[in-house]
Amino acid sequence: MAEVIVIGGGLAGCATAYYLAKDGVDVVLLERGELNTQASGSNAGSLHAQIPHDPFVNKGPEWARRFAPSIQLMARSIEMWHQLPAELGVDLEVSTKGGLLVASSEQQLREVEAKARLEREHGLDVRLLDRREVRDLAPYLSDRVLGGAFCPIEGKASPLIATLAYANAAKRLGVSFRRHSPVLDIERGQGNYRVVLGEGSLVAPRVVNAAGADAGRIAAMLGIATDVQGFAIQVAVTEQTGPLIPHLVYSAGEKLTLKQNAIGSVLIGGGWPARWHGRGHPVTDPDSLAQNMALALQTVPALGPLRVIRTWAAVVNGTDDWRPILGEVPGAPGFFMNFFPWMGFTAGPLIARVIASLVQGKAVPLDVDYRPFLYR
Ligand SMILES: Cc1cc2nc3c(=O)[nH]c(=O)nc-3n(C[C@H](O)[C@H](O)[C@H](O)COP(=O)(O)OP(=O)(O)OC[C@H]3O[C@@H](n4cnc5c(N)ncnc54)[C@H](O)[C@@H]3O)c2cc1C
């Protein structure tokens with residue numbers, strides 16, 4: 001019998017298993033398919049610290065006030081990203097040359113300023129830039145850009161490498177990985193949980209639910225209600241080119257994030273909706289792609305000659321309020337949620353470290369206040 005069963009082989013699950021094993025805990029990780037094949041391996045690799053602009057504008061000030069404590073979790077997690085290559089012994093292509101949110105209308109400029117005010121109140125370094133400053137910093141931007149906000153700690157890392165680096169380090173520490181082991185049900189026993197698999201079952205006193213967009217289904221097996229949802233979104237990537245865009249670029253207009261990865265390809269996304277195929281998996285929506293590419297070109301005209309060589313769709317774990325769901329569930333002692341919506345790649349290392357400590361009933365070895373997000 002393992003001490004802890006971790007459900008889910010994405011970044012949340014593999015990193016939690018790693019930190020538990022590092023503390024000497026005996027862990028089994030259960031993954032329905034292959035490791036790193038869902039959101040953690042399909043995302044755009046942005047390391048975000050700022051409040052996302054779209055919900056800031058569309059969900060209003062009360063939403064922003066409730067979301068804002070997430071800023072310090074993401075900022076502190078980015079600090080961890082810098083240490084991870086040395087800790088895991090793998091180059092994760094971590095680069096933080098700053099995030100640049102650009103505005104192309106007076107209205108957008110006012111929204112960028114309002115968001116920056118709130119971010120600074122929560123300790124984030126965000127600098128407002130006028131038209132000249134933005135062009136000095138980022139000459140690749142279009143003349144339509146009137147100004148923006150620069151957050152120096154933001155950047156990128158490789159989603160193709162990070163989760164597997166955690167998994168390999170966890171394996172070296174003795175974590176048992178069971179792939180192709182879908183969890184079908186969970187039964188609560190006397191001081192433990194029986195996790196029912198296709199073949200047989202496993203029992204442990206503590207379970208971590210790190211099932212991403214399926215975390216709501218896992219929680220529901222114990223009668224626990226959540227507002228976890230899965231949203232199909234898409235990303236496109238261009239052919240390789242020379243160094244062009246050092247920053248993580250966002251638009252304060254419609255959805256856009258873009259960045260150039262370590263091999264010189266430009267990843268273009270921002271959360272445009274994909275479609276659901278009749279067989280139940282997400283597929284790229286050409287209308288979203290066209291709008292996403294048009295916005296990218298308006299923002300960085302030098303992308304014009306580059307060919308898009310691949311697009312993909314994947315399911316992001318979301319909630320309506322964008323707030324994480326963390327910690328031991330009231331009424332289900334020993335059952336823990338590790339759920340960070342929408343930007344769980346950025347926050348993955350920090351949240352995993354927090355959950356691994358909470359599972360052991362130990363103090364969290366990080367100077368960060370995660371308590372606003374403990375399970376409600
Ligand atoms: C297209 C896209 C772009 C994104 N861009 C960014 C970005 O740039 N920056 C950022 O910070 N975040 C981004 N995200 C969000 C980020 O990828 C996710 O929040 C994060 O990866 C969630 O990690 P996870 O481990 O919780 O979930 P996942 O990686 O989805 O892992 C969950 C795992 O649980 C397994 N599982 C589910 N049900 C069961 C079951 N019953 N039994 C066993 N196993 C099960 C699944 O197979 C899966 O492997 C993006 C997401 C998408 C989809």
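The values are calculated or read from the model by the stated rules, or taken from the named source; none is laboratory data. Since this is a predicted model, take the numbers as computed values, not measurements. Don't worry about glycine lacking a Cβ; one is built from the backbone with ideal geometry, like all the others, and counts go over all protein chains shown.
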Selected residue [within 18 Å of Ala215 (Cβ to Cβ) and of a type in the set (Phe, Trp, Tyr)] from Trp312, Trp342:
Trp342
Identify all residues within region 284-323 that are surrounded by fewer than 20 Cβ atoms within 10 Å (Cβ to Cβ) and of a type in the set (Asp, Glu); write none if there are none.
Asp287, Asp320, Asp321
Please count how many residues of region 227-240 are within 13 Å of the ligand (Cβ to nearest atom) and surrounded by fewer than 22 Cβ atoms within 10 Å (Cβ to Cβ).
5
Please pick out the residue among Ala86, Ala64, Ala68 that is away from the ligand (no atom under 16 Å from the Cβ), in contact with a Phe, Trp or Tyr (Cβ under 6 Å, 6 or more places away or on another chain) and at negative phi.
Ala64
Checking Gly89, Gly33, Gly41, Gly45 in turn, the sole residue that is touching a residue at least 40 places away in the same chain (Cβ under 8 Å), crowded, with 24+ Cβ neighbours inside 10 Å and of a type outside the set (Lys, Arg) turns out to be Gly45
Residues in region 329-340: is at least one surrounded by 17 or more Cβ atoms within 10 Å (Cβ to Cβ), over 24 Å from Gln108 (Cβ atoms) and out of contact with any strand residue (DSSP E or B) (no Cβ under 6 Å at 6 or more places or on another chain)?
yes
Output for region 267-280, where each listed residue is surrounded by 12 or more Cβ atoms within 10 Å (Cβ to Cβ) and away from the ligand (no atom under 12 Å from the Cβ):
Arg275, Trp276
Which is modelled with pLDDT of 95 or more, at positive phi and of a type outside the set (Phe, Trp, Tyr), of Gly304, Gly318, Gly327?
Gly327
Residue check, Val329 of a type in the set (Val, Ile, Thr), over 27 Å from Glu79 (Cβ atoms) and within 13 Å of the ligand (Cβ to nearest atom):
no
Here are the criteria: (1) in contact (Cβ under 8 Å) with a residue 24 or more places away in the chain; (2) within 30 Å of Ala103 (Cβ to Cβ); (3) not in a loop (DSSP other than H, G, I, E, B). Tell me which single one Leu128 does not satisfy.
(1)
Collect the residues in region 332-349 that are over 11 Å from the mean Cα position of the chain (by Cα) and either within 16 Å of the ligand (Cβ to nearest atom) or modelled with pLDDT under 95 (or both), keeping them in residue-number order.
Phe335, Phe336, Met337, Asn338
Looking at region 3-31, which of its residues are in contact with a Ser or Thr (Cβ under 7 Å, 6 or more places away or on another chain), in a loop (DSSP other than H, G, I, E, B) and not acidic (Asp, Glu)?
Gly10
So which residues in region 284-308 are closer than 20 Å to Phe231 by Cβ and either in contact with a Leu (Cβ under 7 Å, 6 or more places away or on another chain) or touching a residue at least 40 places away in the same chain (Cβ under 8 Å) (or both), if there are any at all?
Thr284, Asp285, Ser288, Leu289, Asn292, Leu295
Thr311 being part of a strand (DSSP E or B), in contact (Cβ under 8 Å) with a residue 12 or more places away in the chain and among the hydroxyl-bearing types (Ser, Thr, Tyr):
yes
Within region 206-226, residues surrounded by fewer than 17 Cβ atoms within 10 Å (Cβ to Cβ) and away from the ligand (no atom under 13 Å from the Cβ) come out as Gly223, Ala225
Would you please name the residue that is nearest to Arg353 (Cα to Cα), looking only at residues in region 314-326 that are touching a helix residue (DSSP H, G or I) at 6+ places or on another chain (Cβ under 6 Å), in a strand (DSSP E or B) and within 11 Å of the ligand (Cβ to nearest atom)?
Asn317
